[in-house]
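Working notes, beginning with the structure itself.
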Amino acid sequence: QNKYYLNASFRRDGSSQISPDNRWQNFWAVGGAWEISKADFFQRQHIFDFAKIKASIGVLGNQNTYGYDYPFYPGLVGGNAAVFGNLVYNAFSQSYLPNPNLKWETVHAKEVGIELSALKNTLRFEANYFNKVTKDLMTFIPGINGAQNGLDNIGSIRNTGMEFSANYTRPLTKDLTLTVSGNLTTYKNKVLSLASSEFSIQQGVNRTTVGLPIGYFYGYIVEGIYQSYADKLASPVNTEFSYGPGDLKYKDVNGDGKINTADRTMIGNPTPDFTYGGTITLKYKNLDLGIDVGGVYGNEVFRNWG
């Protein structure tokens, strides 16, 4: 009676971008829903016209990252030279060394949600909760102390959040219709694992460490400004910089009585708390007038100028 829905999919994907030993992998998804508005008890209320609850679970693969079309086959970089006799030749090397057992990233996703409509189906609302864990994360490992860059499947990250959307359509006259819609998505990101609990990926002021958001800002916490020489003497000694009245005062995070590189910590998160958007549309016969708005909120911005 069209009350219940079930869908399932299975795919076996092969990619020349992955190591030949792990080129093929199986992916799947299962989803179901119940249209509550077709249940007998639903007919006894007059607020909602339609209601459905739904849920899904599945696994998908990602085969490229960092803008490389073929992660298992890195491009070449110059900057080297080889000398044969009296001649100097340009030499090239791989931009990174991929793990010979490189495999797919896999995204394990779960989602539950509800759909509603009311006011004679002029108002529609949808809410979803998602939980996505990306495993075998393709991680670019910068070379340190002359070592070559690498690409490997190390780590996993989790993204959770809520998605909301609403749409309201109201005919104002025979030829004039107003439509208002909006959406909001919340984000919470966390790195679950890397090569080890002490391992971190560093790129400029960004770091990725287990237990913290991906790509967070790493540095010193500013507590204020030294007001006088007496203020300097009464504060923990900064062993990294020369400083005096008028300079920034950094926090002694580990409480050892001095300021040094060990006091650097997370000072910001570039991932927004939520994103939002909306539209207002007036339609008169065949003429549309629309306004679109959108933005993000809650993400810190690292300013390295001025």
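The values are calculated or read from the model by the stated rules, or taken from the named source; none is laboratory data. All values reported here derive from a predicted model rather than from experimental measurement. Note that each Cβ is placed from the backbone with ideal geometry, even for glycine, and that neighbours are counted across all protein chains shown. Note: areas computed on protein heavy atoms with side chains; ligands, DNA, RNA excluded. Shrake-Rupley method; radii C 1.70, N 1.55, O 1.52, S 1.80 Å.
General observations
- If the condition is being in a strand (DSSP E or B), closer than 19 Å to PHE164 by Cβ and open to solvent by less than 70 Å² (accessible area, probe 1.4 Å), then the range 274-302 contributes PHE274, THR275, GLY277, GLY278, THR279, GLY294, GLY295.
- The residues of the range 1-20 that are assigned to a strand (DSSP E or B), open to solvent by 60 Å² or more (accessible area, probe 1.4 Å) and within 30 Å of LEU151 (Cα to Cα), listed by number, are PHE10, ARG11, ARG12.
- Condition met for THR139 (in contact with a Gly (Cβ under 7 Å, 6 or more places away or on another chain), crowded, with 16+ Cβ neighbours inside 10 Å and modelled with pLDDT of 95 or more): no
- Whichever residue in the range 231-260 is open to solvent by 60 Å² or more (accessible area, probe 1.4 Å) and not in a loop (DSSP other than H, G, I, E, B) and, among such residues, is nearest to TYR297 (Cα to Cα): LEU248
- Considering the range 21-41, the residues that are in a helix (DSSP H, G or I) and without any contact (Cβ under 8 Å) to a residue 24 or more places away in the chain include one that is nearest to TRP104 (Cα to Cα), namely ILE36.
- Listed by first and then second residue, the pairs linking a residue in the range 80-99 that is open to solvent by less than 70 Å² (accessible area, probe 1.4 Å) to a residue that is outside any strand (DSSP E or B), with Cβ atoms under 6 Å apart and 6 or more places separating them unless they lie on different chains, are SER95/PRO74; SER95/GLY75; TYR96/PRO74; TYR96/ASN149; PRO98/PHE72.
- Hey, ILE47 in contact (Cβ under 8 Å) with a residue 60 or more places away in the chain and among the β-branched types (Val, Ile, Thr) or not: yes
- Scanning the range 63-99 for residues that are assigned to a loop (DSSP other than H, G, I, E, B) and among the hydroxyl-bearing types (Ser, Thr, Tyr) yields THR65, TYR66, TYR68, TYR70, TYR73, SER95, TYR96.
Results for (1) small (Gly, Ala, Ser); (2) closer than 30 Å to LEU151 by Cα; (3) in contact with a helix residue (DSSP H, G or I) (Cβ under 8 Å, 6 or more places away or on another chain), shown as yes or no for each residue.
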{"residue": "PHE50", "(1), (2), (3)": "no, no, yes"}
{"residue": "TYR73", "(1), (2), (3)": "no, yes, no"}
{"residue": "LEU76", "(1), (2), (3)": "no, yes, no"}
{"residue": "ASN90", "(1), (2), (3)": "no, yes, no"}
{"residue": "ASN101", "(1), (2), (3)": "no, yes, yes"}
{"residue": "ILE114", "(1), (2), (3)": "no, no, no"}
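- The single residue among TYR226, TYR218, TYR187 that is under 16 Å from ARG264 (Cα atoms), surrounded by 15 or more Cβ atoms within 10 Å (Cβ to Cβ) and among the hydroxyl-bearing types (Ser, Thr, Tyr) turns out to be TYR218.
- Considering the range 100-135, the residues that are among the charged types (D, E, K, R) and in a loop (DSSP other than H, G, I, E, B) include one that is most open to solvent (accessible area, probe 1.4 Å), namely LYS120.
- Hey, PHE84 of a type in the set (Phe, Trp, Tyr) and in contact with a strand residue (DSSP E or B) (Cβ under 7 Å, 6 or more places away or on another chain) or not: no
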